[in-house]
2 protein chains.
Amino acid sequence: MLVVKIGGGSGIQIAPTVTDVTTLIRAGGKAVLVHGASGETNLLAERLGKPPRFVTSVSGLESRYTDRETLEIFEMAYCGKGNKALVEAFQTLGINAVGLSGLDGRIFEGKRKDTITIFDGGKRKVLRGDYTGKVERVNLGLVTLLLDHGYLPVLCPPAASYEGEAVNVDGDTAAAMLAAALKADDFLMLSNVPGLLRDIADRDSLIARIPAEAIEDFMPLAQGRMKRKLMAAAIALQGGVGRVILAPANVAQPVASALEGRGTVIG
Amino acid sequence: MLVVKIGGGSGIQIAPTVTDVTTLIRAGGKAVLVHGASGETNLLAERLGKPPRFVTSVSGLESRYTDRETLEIFEMAYCGKGNKALVEAFQTLGINAVGLSGLDGRIFEGKRKDTITIFDGGKRKVLRGDYTGKVERVNLGLVTLLLDHGYLPVLCPPAASYEGEAVNVDGDTAAAMLAAALKADDFLMLSNVPGLLRDIADRDSLIARIPAEAIEDFMPLAQGRMKRKLMAAAIALQGGVGRVILAPANVAQPVASALEGRGTVIG
């Protein structure tokens, strides 16, 4: 079993991953795809006159402040444009994909945090009406049902809160929780970077291998999104996933080459 | 088995239908929901500076000209905002809804018409690059799988072309084809009109009953969207559906009261 998370940053191409996952499935492999759409969400939010607002919580993690209007924009970009583009790409190749959010069948479930405490100009400030949350539980029923009947699940945020509301959650973490629940052999996180770099300005400074027990040691090197990816890798490995691989999406055969060890292999 | 189509025209409320379908399911009933989002699509298209373009084919049917950009807007409104709002509303009531488009699992399949012939200022004109189509086949596999495992399917366009592309299709026709495939006892089309009116300006001129064999006789009374609804009713009845009911969505208990005979009962 393979779980592939493909990032949604601007410039990330889906075609190489779709082709490669198709080859794998035709050869008898089982896979689940999880995707992001943050670049498209930002673009759409700008075009609709509701520019994205990123906030850093007092605990130091950056997230998108998601009021009700932002949540709807988020759903349009993720569940509408992003998800259906992937499903369509697979369907044109004859793979019977099924696109779902974490809200559908409550695949991803967790607590909504409707307030977030941030530092704003040095002062603590509480933002209310936030529709963000954290995936705490994966309900595998629907995913397993689809896999057992030959469908390819293509998943994305939002998740469901315990009260059934849609909540914006981190896609890498959700995918890691899923990989753990499925006890996947491999969990790939494909994005627009080659993997974890020792020096973010030098694309040749790739760290090729991180032993599972050493993830914490490498955390100081991780900046921005990469910090969440390493945390997601730790979740997946602790949950019983064989290997986690951080690799680039915009290359030929991104899946096959990651499985051969391209990128940063953790575990 | 009940199939409910709820229209997506501006002003149509989803809450009464969601509450009513929830009551029905809790009482042991089986249902599938199909929805539109045309009002939201128009609004989004306007806001994105890509105003909707409706064209009338030489055969006299009106449709939305759907180039690639319009298709993406359509998917954002239907699969993103509209579909997830319904799924969320059901999840908050404890109903395990699963939102899908016709592209997912190829539930709705048909031929893409990439050119459409219209009259433009009295002249015949061929528009190319159109992503519209017509549902010709319903693949029940995924819908049945979900129903058998206690999920509520919440479906919407687009459909899949035979080549796997996303195509904009008429939601009423798709829902009618689905109702026929499921051999539904009842097929409800809920929208912002009380049913078929003898005089469109007089909401008290409701036609309460149309025998199945007399649909054609009533076609001249149908204007705009209503024409497609009567055609959809005919498809459903010919396919073995027990009754088709055209009824209002913005009333208390729209589903229960339609099943008791409110609106226009056909069949």
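The values are calculated or read from the model by the stated rules, or taken from the named source; none is laboratory data. Model, not experiment: these values are computed from the prediction. Neighbour counts run over all protein chains shown; Cβ positions are idealised from the backbone, glycine included.
Per the listing B:Lys134, B:Lys227, B:Lys183, the residue uniquely away from chain A (no Cβ under 14 Å) and at positive phi is B:Lys183. Could you list, in sequence order, the residues of segment A:7-65 that are over 25 Å from A:Val126 (Cβ atoms) and hydroxyl-bearing (Ser, Thr, Tyr)? Once the filter is applied, which keeps residues that are over 25 Å from A:Val126 (Cβ atoms) and hydroxyl-bearing (Ser, Thr, Tyr), segment A:7-65 yields A:Ser10, A:Thr17, A:Thr19, A:Thr22, A:Thr23.
Is it the case, given these coordinates, that A:Met231 is in contact with a helix residue (DSSP H, G or I) (Cβ under 8 Å, 6 or more places away or on another chain) and either closer than 30 Å to A:Phe54 by Cα or modelled with pLDDT under 95 (or both)? When the stated conditions are applied, A:Met231 passes them. B:Gly110 falls short on exactly one of the conditions (1) within 7 Å of chain A (Cβ to nearest Cβ); (2) part of a strand (DSSP E or B), and that condition is (1).
Among the residues of segment B:148-201, just one is surrounded by fewer than 19 Cβ atoms within 10 Å (Cβ to Cβ) and of a type in the set (S, T, N, Q), namely B:Asn192.
Any residue at all in segment A:153-164 that's hydroxyl-bearing (Ser, Thr, Tyr), within 14 Å of chain B (Cβ to nearest Cβ) and in a loop (DSSP other than H, G, I, E, B)? Looking through segment A:153-164, at least one residue is hydroxyl-bearing (Ser, Thr, Tyr), within 14 Å of chain B (Cβ to nearest Cβ) and in a loop (DSSP other than H, G, I, E, B).
Only residues that are more than 24 Å from B:Met177 (Cβ to Cβ) and within 7 Å of chain A (Cβ to nearest Cβ) were counted in segment B:54-76, giving 2. Applying a threshold of 8 Å to beta carbon distances and a minimum spacing of six or more residues, or different chains, the list of pairs starting in segment A:33-53 at a residue that is under 27 Å from A:Ala179 (Cα atoms) and within 12 Å of chain B (Cβ to nearest Cβ) and ending at one that is hydroxyl-bearing (Ser, Thr, Tyr) and in a loop (DSSP other than H, G, I, E, B) reads A:Glu40/A:Ser10. In segment A:206-216, the condition of being modelled with pLDDT of 95 or more and either among the aromatic types (Phe, Trp, Tyr) or under 22 Å from A:Val21 (Cα atoms) (or both) is met by no residue. Screening A:Gly105 with (1) under 30 Å from B:Glu46 (Cβ atoms); (2) buried (at least 24 other Cβ atoms within 10 Å of the Cβ) gives one miss only, at (1).
Scanning segment B:191-213 for residues that are small (Gly, Ala, Ser), out of contact with any helix residue (DSSP H, G or I) (no Cβ under 8 Å at 6 or more places or on another chain) and under 12 Å from B:Val265 (Cβ atoms) yields a count of 2. For A:Pro211, the conditions (1) closer than 18 Å to A:Gly82 by Cβ; (2) more than 14 Å from every other protein chain (Cβ to nearest Cβ) all hold with the exception of (1). Among the candidates B:Phe218, B:Phe187, the residue that is among the aromatic types (Phe, Trp, Tyr) and within 16 Å of the chain's Cα centre (by Cα) is uniquely B:Phe187. Among the residues of segment B:77-93, the one identified as surrounded by 24 or more Cβ atoms within 10 Å (Cβ to Cβ), more than 7 Å from every other protein chain (Cβ to nearest Cβ) and over 16 Å from the mean Cα position of the chain (by Cα) is B:Phe90.
Yes/no matrix, rows are residues, columns are (1) in contact with a Gly (Cβ under 9 Å, 6 or more places away or on another chain); (2) over 22 Å from A:Phe54 (Cβ atoms); (3) touching a residue at least 12 places away in the same chain (Cβ under 8 Å):
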{"position": "A:Ala181", "(1), (2), (3)": "yes, yes, yes"}
{"position": "A:Asp185", "(1), (2), (3)": "yes, yes, yes"}
{"position": "A:Arg203", "(1), (2), (3)": "no, yes, no"}
{"position": "A:Leu206", "(1), (2), (3)": "yes, yes, yes"}
{"position": "A:Glu213", "(1), (2), (3)": "no, yes, no"}
{"position": "A:Ala222", "(1), (2), (3)": "no, no, yes"}
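Selection within segment A:48-99: residues that are basic (Lys, Arg) and outside any loop (DSSP other than H, G, I, E, B). The member of this set that is farthest from A:Leu24 (Cα to Cα) is A:Arg68. Among the residues of segment A:133-145, is there at least one that is crowded, with 22+ Cβ neighbours inside 10 Å and free of Cβ contacts under 8 Å to residues at least 40 places away in the same chain? Yes, segment A:133-145 has at least one match. The residues of segment B:113-129 that are out of contact with any strand residue (DSSP E or B) (no Cβ under 8 Å at 6 or more places or on another chain), modelled with pLDDT under 90 and in a loop (DSSP other than H, G, I, E, B), listed by number, are B:Asp114, B:Gly121, B:Gly122.
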